[in-house]
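What follows is a single structure, written as structure tokens, with notes after it.
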There are 2 protein chains.
Amino acid sequence: MSSEQTPETGGKSLFSLQRRERLMEELRAHGAITVRDIAAKLGVSELTIRRDVNTLADEGLVSRVHGGATLPSPLDRSVAVGRPAAHSYSIGMVVPSLDYYWPQVISGARGEAEAQNLRILVRGSAYDAADNRRQVQALLDTQNIDGLIVAPDMGGEHGKELLRWLNALPIPVILAERRAPAEIPAHRLEWVATDHSFGAGMAVRHLWQEGHRMIGCLTDSTSPTSPHVVRGWKQALAALKIPLDASIHEDSAKLDNGDRAKHFDHVLELCRSTGTTAMLVHSDTQAVAFVQHCVDRGVDVPGSMAIVGYDDEVAYLAEPAISAVRPPKSYVGKVAVQLMAARLAEGRMRPVHRIDLNPELIVRESSVGAPRGLAGVVLEDSL
Amino acid sequence: MSSEQTPETGGKSLFSLQRRERLMEELRAHGAITVRDIAAKLGVSELTIRRDVNTLADEGLVSRVHGGATLPSPLDRSVAVGRPAAHSYSIGMVVPSLDYYWPQVISGARGEAEAQNLRILVRGSAYDAADNRRQVQALLDTQNIDGLIVAPDMGGEHGKELLRWLNALPIPVILAERRAPAEIPAHRLEWVATDHSFGAGMAVRHLWQEGHRMIGCLTDSTSPTSPHVVRGWKQALAALKIPLDASIHEDSAKLDNGDRAKHFDHVLELCRSTGTTAMLVHSDTQAVAFVQHCVDRGVDVPGSMAIVGYDDEVAYLAEPAISAVRPPKSYVGKVAVQLMAARLAEGRMRPVHRIDLNPELIVRESSVGAPRGLAGVVLEDSL
DNA sequence: TCTGAAACGTTCAAACTCGAACAAATGAGA
DNA sequence: TCTCATTTGTTCGAGTTTGAACGTTTCAGA
């Protein structure tokens, strides 16, 4: 990603507090940062970032190094005051991406690990069972791992095989944002995952309350999240008595720019013909593209087409800002580490925990304002 | 959007409370706000907004920054200081029975409450929505409850109505051994429940490993647990390719002694005719009676009839001792209290947690030793 | 050890935000 | 209707934040 060219902030400047928060997040996600990268990423001068680093260093939240900053290190004398005993356990963490979605999960995990005095070793992997296994194996071989947090690829026979292998590992294993299917007797695996199906349902209900009566769904079938979103969308349609077979469900995985534009036109045409006035779009990156496309084609958002995105990574950058379902990413990491800490402390007597976390719906501009004067329909309870 | 020109309020001025509410809304939507934008949007002076921000900041609801406000941040030192000393909370707990199953749950809850320095008030109730509500209301009225842990009756329309009522209570509510169905938008309810379906599956797999190829199920439909047990039994049969329609599924709810004996004879006759050599019996109280009946009728346990009970309250008392699925009762209470403590400490920012705990299988005499020399069939993994 | 490049910190100015003081408007209750 | 308490708006000096310029320090490689 060309972070040097386009500051992620999309022109909007952040407050210093937000900048420092971002900085800490990057730090927790990557372990270290350079002043130059962050300055470019946030679109401010390097001096500003240096000042931020100094502020954070004064509070003992980072260690200053030449060229950037790192997580507070015991080697850093300026902080070395009241650090209690050394790391009790080491936890390995293997995630499928280090740019999308997962940095915040890692950040949450790192924060909790610090609080629990655990060491955490993060590895990126491909969305691919074989590579997942390779990365895990590497951690097992080279580091001294006491527990493993992993978000494996679960597709196909390889995925199932991988789960069985993980289940049989001699150390505790916790899945993040994944659930073992019931047909695999993975009785030792624990997990913490966002209830995406609930989130999709929440979005549909919100759109219904805004007066929409035909609500479509645009997905990216390459993502492991998509099936859950679709399930939640379908369940909600059923609960609201919206006919499923007349509702739009399109997938735009793996389309590049030209094809995507064509596909979006196709979707808009479908919307027109079916009377669909609202869409739930999975991966808000795609939602941003879709909103852009609507604006280009003169379709008013939210007037003629209301949109809710799913993931809330970049939704706020669009114009108009996109309402989005936000998975509790940092909590997924945090809870996974809590689970691991408890497991390591209590051993086998502790029952297997499997935790669902609910996402929240962030209402912005792309979904509010009822279509065609259908306002005033109020259900008893929503978000 | 021409927010600068036309304040959204359409001329009507809002009360300060509404304004602050709007402010928080914008904040949740965008993560941060600038005084200037909000002032323009609401059509009031910047000073007014600043005063609002100060008010909210004093309550710890926002973090003040130069130029605006952000969601409360851990980097904001002004809040970090204000950690009030272990504000001791009171938790109400309403359970449907004080002699079966629940005493251990309560005991787990009490232990954790003590560790967390919380007060806990337990009330027994009937298995009945109206009485549940009465008991909860009594706690709310007479005691000063900060949170509620409850195992309500969820049958019928009354049950759903009760759930909606619980969801709307102004204090956090955590269900114990219950889950709100997806069709009720009970988006605030949290829960911790045993995965009985998993437990039943574990029992079936165990019996399969012991060589049984026809495995029946005896339930007590008056218990809220029963449907889950049946579901798990059915799923496991499907996974093991045991024909469901040829398998015994009997219910002996509400039978008194004479009728029960007759029914058990009927069940044994069915077993003989279908070649069923193993039974999963829900509520191990009933399993004890069934084993006794088998012994009385000269049916050898486990030689001719293997039995696994469900609940493990009294299973060890039978002769022979009964293998049983043991729900992690004390952990259900313990985790519920942990959840409540975290909720009370972290407030609304914390995402809704929904936790499944897996039961364990306690293998005793009533299920080991393969029938008819079919021993030695070993699957790769079981408990 | 030396040297060039990069990183760092100080100083200053510009732009902007904040809050005190006081004035005006509003609404509740006598 | 009048009074008092509360809320809101205006003005203006004080305070904050940011970035450019430029001299100093640090680092890596020869």
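None of the figures in this text is laboratory data; all of them are computed from the coordinates on show. None of these values were measured; they are calculated from a predicted model. Every residue, glycine as well, gets a Cβ built from its backbone with ideal geometry; the counts of neighbours run over all protein chains shown.
Counting neighbouring Cβ atoms within 10 Å and putting the fewest first, the residues A:R110, B:R123, A:R20 line up as B:R123, A:R20, A:R110.
Among the trypsin sites (Lys or Arg not before Pro) within the range A:188-293, those in coil by DSSP and having at most 11 neighbouring Cβ atoms inside 10 Å are A:K241, A:K254.
Close amide H partners of B:R364, meaning residues 5 or more places away or on another chain with modelled amide H under 5 Å apart, are B:S323, B:A324. Dimensions of the protein assembly as shown from C-alpha coordinates, computed as largest minus smallest value along each principal axis and given longest first, are 89, 65, 61 Å.
In loop segments of the range B:286-369 as defined by DSSP, the trypsin sites (Lys or Arg not before Pro) with at most 13 further C-beta atoms inside 10 Å of their C-beta are B:R297. Dipole magnitude for the protein assembly as shown: about 1160 debye, using +1 per Lys or Arg Cβ and -1 per Asp or Glu Cβ, origin at the Cα centre. The antiparallel fraction among DSSP beta bridges confined to the protein assembly as shown stands at about 25%. In the protein assembly as shown, taking the dipole from charged Cβ atoms about the Cα centre, the farthest positive-side position among A:A253, B:L139, A:S304 is held by B:L139. Ordering A:M154, A:C217, A:L240 by the projection of their Cα atoms onto the charge dipole of chain A, which places +1 on the Cβ of Lys and Arg and -1 on the Cβ of Asp and Glu, puts A:M154 at the extreme positive end. Given chain B, what count of lysine pairs have C-alpha atoms under 30 Å apart, with each pair 8 or more places apart or on different chains? Pairs that pass both the separation and distance tests number 10. Remark on A:M279: its backbone amide H falls under 5 Å from those of A:G216, A:A306, A:I307, A:V308, a criterion applied only to residues 5 or more positions apart or on other chains, H modelled at 1.01 Å from N. What separates the B:G369 label point from its copies, with the point 7 Å along Cα to Cβ, is 7.8 nm, written shortest first. Label positions at A:I248 and B:K241, each projected 7 Å from the Cα along the C-beta direction, are separated by 4.5 nm. Find the centroid of the Cα atoms in the range B:198-271 and in the range A:227-302, then give the distance between the two in whole Å. Value for the Cα centre distance between the two parts: 46 Å.
For chain A, relative contact order (Cα pairs under 8 Å, six or more residues apart, normalised by length) works out to 16 percent.
Placing a label point 7 Å from the Cα of B:D58 along the Cα-to-Cβ direction, the distances to the matching points in the other copies come to 2.7 nm, shortest first.
The charge dipole of chain B, taken about its Cα centre with unit charges on the Cβ atoms of Lys, Arg (+1), Asp and Glu (-1) only, comes to about 1240 debye. Ranked from shortest, the separations from the 7 Å Cα-to-Cβ label point of B:A138 to its equivalents in the other copies are 6.2 nm. Overall dimensions of chain A, expressed as equivalent-ellipsoid semi-axes from the Cα gyration tensor (√(5λ), whole Å, largest first), are 38, 28, 18. Amide H to amide H distances under 5 Å link A:S221 with A:S252, A:A253, where only residues 5 or more positions off or on other chains count and H is placed in the peptide plane.
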